[in-house]
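This report refers to the structure that appears directly beneath it.
The values are calculated or read from the model by the stated rules, or taken from the named source; none is laboratory data. Quick caveat: nothing in here was measured; it's all calculated off a predicted structure. Note that we place each Cβ from the backbone using ideal geometry, even for glycine, and neighbour counts take in every protein chain shown.
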Amino acid sequence: KRVNFNDFFNRIIDRFEMNKNDKISFERSFPKRSIYVWIDEDKMTQVLDNIISNAIKYSPEGGTVRFSAHSTRKQLKVSISDEGIGMPPDTVDKIFDRFYRVDKSRTRDMGGTGLGLAIAREMIDAHHGKIWAESKEGEGTTVLFTLPLMNQNRGDHS
Ligand code: ATP
Ligand code: MG
């Protein structure tokens, strides 16, 4: 389905904003111009739900979760960053593996199976995008993904 990504992303963030506690703040950085993408809304909702719940789960009190969505000529780039515990450099790629969880001792109270990001990667792959993470231990984590933009001029997908 052809979707205005800003509207779609805002609705998902709104849902988390209504349910979050006051100790975590949200910041959004979106361009004014609409960005249209060709996505499966249910699958993309699952991707964003996973990434956003991780960001909240690993955020400290007083932390800010930042959301951005920007497009270049060829792709949409989405990022969700937190000021949480972060992770060691050699684990940022492994978190997309099935059942992988960083340091089970620190996350044992957090619940979860370690499947969320593996599923997210499958879904982003299916959308011909890329997903990765950047992180610094003790400073925070940013999860980013790209989606190819449809060529609006040729109307390939409309
Ligand atoms: P599930 O999503 O299945 O409920 P999960 O959240 O543990 O469980 P993933 O979402 O796949 O699984 O994440 C894998 C691991 O990556 C997490 O267990 C955690 O160790 C690490 N991780 C993911 N996101 C963050 C983050 N924002 N900050 C710090 N660590 C993270
Ligand atoms: Mg998760």
Please work out if PHE8 is more than 16 Å from ligand 2 (Cβ to nearest atom) and touching a residue at least 24 places away in the same chain (Cβ under 8 Å). yes
Look through region 22-37, keep the residues that are touching an Asp or Glu at 6+ places or on another chain (Cβ under 9 Å) and not basic (Lys, Arg), and return whichever of them is farthest from ligand 1 (Cβ to nearest atom). SER34
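Conditions tested, residue by residue: (1) within 15 Å of ligand 1 (Cβ to nearest atom); (2) at pLDDT 75 or above; (3) surrounded by 15 or more Cβ atoms within 10 Å (Cβ to Cβ).
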{"site": "ARG108", "(1), (2), (3)": "yes, no, no"}
{"site": "THR113", "(1), (2), (3)": "yes, yes, no"}
{"site": "ALA118", "(1), (2), (3)": "yes, yes, yes"}
{"site": "TRP132", "(1), (2), (3)": "yes, yes, yes"}
{"site": "GLY138", "(1), (2), (3)": "yes, yes, no"}
{"site": "THR141", "(1), (2), (3)": "yes, yes, yes"}
{"site": "LEU147", "(1), (2), (3)": "no, yes, yes"}
{"site": "ASN151", "(1), (2), (3)": "no, no, no"}
{"site": "ASP156", "(1), (2), (3)": "no, no, no"}
Residue count, region 1-29, condition under 20 Å from HIS127 (Cα atoms) and among the small types (Gly, Ala, Ser), comes to 0
Just to be sure, is ASP82 within 11 Å of ligand 2 (Cβ to nearest atom), of a type outside the set (Ser, Thr, Tyr), under 13 Å from the mean Cα position of the chain (by Cα) and surrounded by 13 or more Cβ atoms within 10 Å (Cβ to Cβ)? no
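Taking the residues in region 23-33 that are outside any strand (DSSP E or B) and surrounded by 12 or more Cβ atoms within 10 Å (Cβ to Cβ) as candidates, determine which candidate is modelled with the highest pLDDT. Give the derivation first.
Pass one, region 23-33, residues outside any strand (DSSP E or B): 23-24, 30-33.
Still in the list and also surrounded by 12 or more Cβ atoms within 10 Å (Cβ to Cβ): 24, 30.
Values: ILE24: 96, PHE30: 91.
My answer is ILE24.
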Name the residues in region 40-55 that are touching a strand residue (DSSP E or B) at 6+ places or on another chain (Cβ under 7 Å) and crowded, with 18+ Cβ neighbours inside 10 Å, would you? ILE51, ILE52, ALA55
Quick one: would you say ASP82 is acidic (Asp, Glu) and under 21 Å from ALA133 (Cα atoms)? yes
Of the residues in region 47-77, those that are under 10 Å from the mean Cα position of the chain (by Cα) and closer than 18 Å to THR113 by Cα come to VAL47, LEU48, ASP49, ASN50, ILE51, ILE52, SER53, ASN54, ALA55
